[in-house]
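Engineer: Below is the structure I would like to discuss, written out as structure tokens.
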Amino acid sequence: MPGNLYYVTSMTTHTAVLIPGDGIGPEVSEAVLSVLEAAKAPLRFETHHAGQTALDLKLGDTLPESTLAAIRQHHIALKGPCTTPVGKGFSSVNVALRRTLNLYAAVRPIRNMPGVKTRFDNVDLIIVRENTEGLYSGIENLITDGVVVSMKVATRVACHRIALWTFRYATHRKRTKISVFHKANIMKMSDGMLLDEARKVHKHDYPNIEYEEVIIDAAQMRMVQDPTQFDIVMCENLYGDICSDLCAGLVGGLGVTPGANIGDDDAVFEAVHGSAPDIAGKNLANPLALLMSSTMLLKHLADTRGDEESRRAGERIRRAYDRALQEGEKTRDIGGSLGTREFARAVSDRLED
Ligand code: NAI
């Protein structure tokens, strides 16, 4: 129920909103909460709902005002995936949440995990996706029968702010190279504006960071040939969405790819994957992507609120899941045989003091 308090630890310091979401969301959320509790993370959660679940609970909207108000109050949320009907029905809650709260930077770290065998070693890149406009503005019009236009929106304000954010982030994370994926050869004005702003920020503020521009189609080819050539990738909304799943596939799939949606005031942490209706309710989902998102949340608390206990809790959890994977304790999607709950237990059992 909205407003329920879920205490993860008795020494609570930070309150975060939990949105369990749809499909596999509640089961992976539950698994993650069990690990956070075992790790004594200094967090308590207030549960609110969104998506199909909010409709099922008769909250009146897929993105209830009470959920938004709670995030605005606490500034931090951990979110499970929300279903969006394809080709009909309500519009995406995920897109609405990001736009309403102005969570303009989606951050998706992509790295090899110990014990997860993939085609490439040493993959360690971060995708930064502009999260508020582009084709996700959802402006579609039926011009006449059989003719639809879908509008790609680009504003200078949003292009500048994502460029500046990405360069700042790269500096803070001691990353050395930014690659902007674009299609400005065709979309000269919209993608062109993103390039303009990225070039300006590079030239005036961050000349020491290596900078390159790669046309999105060639970029995808380069990515699957050798992802280790990329460090930070910055894209507009749609390219970032597609590239995130492609990159997830390079390191073991959607079960191991976390994410964060960050704005100036609020941040919502969620896995890249969706609600996976094909495996929902079967104890098959890998909770690792959401668990990794929760460690990003803890790091964010440490960086923005100076709370070193959060940082230590995140690092403890990271060492524990790395160890679990190394020792072959894995869910089925990455070659193991554990269920959602069993994997969470395997991680909790490996937490050091
Ligand atoms: P999906 O990510 O839900 O599933 C794609 C495939 O990956 C499925 O075979 C699924 O079983 C598998 N998979 C995903 N997460 C997994 C996990 N944690 N462990 C093991 N296997 C996992 O993508 P799909 O099918 O395109 O979308 C389903 C629904 O999710 C749609 O309604 C879509 O709109 C929504 N969605 C929501 C997102 C969000 O809330 N941020 C992001 C992406 C999709």
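Computed from the coordinates by the stated procedures, all read-outs in this text should not be read as laboratory data. Everything quoted here is computed from the prediction, not taken from an experiment. Methodologically, a virtual Cβ is constructed for each residue, glycine included, from the backbone with ideal geometry; neighbour enumeration extends over all protein chains shown.
Engineer: Which value, in debye to the nearest 20, gives the size of the charge dipole of region 119-251 about its Cα centre, when Lys and Arg are +1 and Asp and Glu are -1 at the Cβ?
Structural biologist: Result for region 119-251 is approximately 480 debye, rounded to the nearest 20.
Engineer: Report, please, the projected area of region 192-267 averaged over directions, based on the convex hull of its C-alpha atoms, in nm².
Structural biologist: Mean shadow area of the hull around the Cα atoms is 6.4 nm².
Engineer: Mind checking the dipole of the chain: about its Cα centre, +1 per Lys or Arg Cβ, -1 per Asp or Glu Cβ, Debye to the nearest 20?
Structural biologist: 460
Engineer: Work out the FRET efficiency for D56 and M151 from their Cβ-Cβ distance, taking R0 = 35 Å, and round it to the nearest 0.05.
Structural biologist: Working: r = 32 Å, r/R0 = 0.92.
Taking R0 as 35 Å, the efficiency between D56 and M151 is 0.60.
Engineer: Here's another thing I want to ask about it. Between region 185-213 and region 58-97, how far is it from one alpha carbon centroid to the other, in angstrom?
Structural biologist: 32
Engineer: Could I have the simple spin-label model distance between N283 and T304, label points 7 Å from Cα toward Cβ, reported in nm to one decimal?
Structural biologist: 3.6
Engineer: Oh, and also: Considering the options H204, S337, P277, tell which one lies farthest towards the positive end of the dipole of the chain, charges being +1 on Lys and Arg and -1 on Asp and Glu at the Cβ, about the Cα centre.
Structural biologist: In the chain, that residue is H204.
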